[in-house]
Amino acid sequence: MVILAPVTSDDLAAEMLTLLGMAADAVAVAMGGQGEWGLFEGGDHAAQYHHDRTADRAALAVLESADVAVLSEESGLRGGRVVGRVVVVVDPIDGSTNASRRLPWWSTALCAVDETGPWVAVVHDHDTGVRFHAVRGAGAFRTVPGGAPERVVRPDTPPLAGAVVSLAGWPPRHYGWAQFRAYGSLALELCAVADGRLDGHVQFVTDEVAAWDYLAGALVCAEAGALVADAFGRDLLDLDHAARRTPVAAGNGDLLSALLAARRDADESSSEV
């Protein structure tokens, strides 16, 4: 069981935001010099991309200089003792396949978690350089390269019939949305729900994403006024490296209810086949 440290100071939040930003910067620099974008062939890292390992090393070099534990997709729980410490949950590259094919939708996602839950988050878009960050109780922000942080507030959300949603996996039928997209980086998709570029997101695959995929984006959503829930009603916060969830996101409660109903229907349809 992970017992996390209480954190209440605004100064500590600012320090953590700086740390997460430095880790994202380190990954960006490392990716600028990355030469190999394919999968490892054989050995202990056969299921990993070369750039995932490079990004992980870059992020860890920053994070392990601080008094935090680290839960990384690529290297597991690091930092020894976790009792009484903040845990930084990191996906060094969210959208690894996109990155390997030089498609533009891939990011680094980091979320610091304390005893209350997700506390400080950073999502860095490596193609555009746009960075989202959020601090629990203090709002969500979007920063373009060379610009100042601008507050993210979720705009009005249309009903399902007018909604543009992103999907992971393929639903058994059309559930009535206006249009859909499939991007491949959940952290960025959740940020797009937060700022209104997307109205919702549904995972039509079951339990294939982990905390590092969604915690940072979910905090951005929460602070912007959007909603994220597990399709099966479970708590999204689980720091077991093996834990998986099925997130659904929406700009408001009405659309979230509609998308959750669609996801449940899809699950029932697949069980009848």
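The values are calculated or read from the model by the stated rules, or taken from the named source; none is laboratory data. This one's a predicted model, so the numbers in the text were calculated from it and none came from an experiment. Every residue, glycine among them, receives a Cβ derived from its backbone with ideal geometry; neighbour counts consider all protein chains shown.
How about segment 123-171: which of its residues are farther than 24 Å from ARG101 by Cα, among the aliphatic types (A, V, I, L, M) and touching a His at 6+ places or on another chain (Cβ under 9 Å)?
Within segment 123-171, ALA140 is the sole residue that qualifies.
Return yes or no: is LEU236 surrounded by 14 or more Cβ atoms within 10 Å (Cβ to Cβ) and either outside any helix (DSSP H, G or I) or outside the structural domain of TRP212 (by TED's automatic domain parsing) (or both)?
When the stated conditions are applied, LEU236 passes them.
ALA249 versus (1) over 21 Å from LEU188 (Cα atoms); (2) surrounded by 17 or more Cβ atoms within 10 Å (Cβ to Cβ): which is the lone unmet condition?
(1)
If you go through segment 44-75 one residue at a time, how many are touching a residue at least 24 places away in the same chain (Cβ under 8 Å) and either of a type outside the set (A, V, I, L, M, F, W, C) or on the phi > 0 side of the Ramachandran plot (or both)?
Residues meeting the conditions: 10.
Yes or no: segment 121-143 includes at least one residue that is crowded, with 16+ Cβ neighbours inside 10 Å, farther than 30 Å from SER9 by Cβ, modelled with pLDDT of 95 or more and of a type in the set (S, T, N, Q).
No, that holds for no residue.
What's the total number of residues in segment 97-128 that are of a type outside the set (Phe, Trp, Tyr), part of a loop (DSSP other than H, G, I, E, B) and either closer than 14 Å to CYS191 by Cβ or in contact with a strand residue (DSSP E or B) (Cβ under 9 Å, 6 or more places away or on another chain) (or both)?
Final tally of qualifying residues: 5.
Hey, can you tell me all the residues within segment 204-216 that are surrounded by fewer than 24 Cβ atoms within 10 Å (Cβ to Cβ), more than 12 Å from VAL248 (Cα to Cα) and either among the acidic types (Asp, Glu) or assigned by TED's automatic domain parsing to the domain that holds SER96 (or both)?
Scanning segment 204-216 gives a single hit, GLU208.
Conditions (1) outside any loop (DSSP other than H, G, I, E, B); (2) crowded, with 18+ Cβ neighbours inside 10 Å, marked per residue:
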position	(1), (2)
SER166	yes, yes
ARG173	no, no
GLU189	yes, yes
ALA194	yes, yes
LEU198	no, yes
VAL202	yes, yes
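Quick one: what pairs do we get from segment 229-244, first residue within 23 Å of GLY200 (Cα to Cα), second modelled with pLDDT under 95 and not in a loop (DSSP other than H, G, I, E, B), C-beta under 8 Å, 6+ apart or different chains?
ALA231/ASP267
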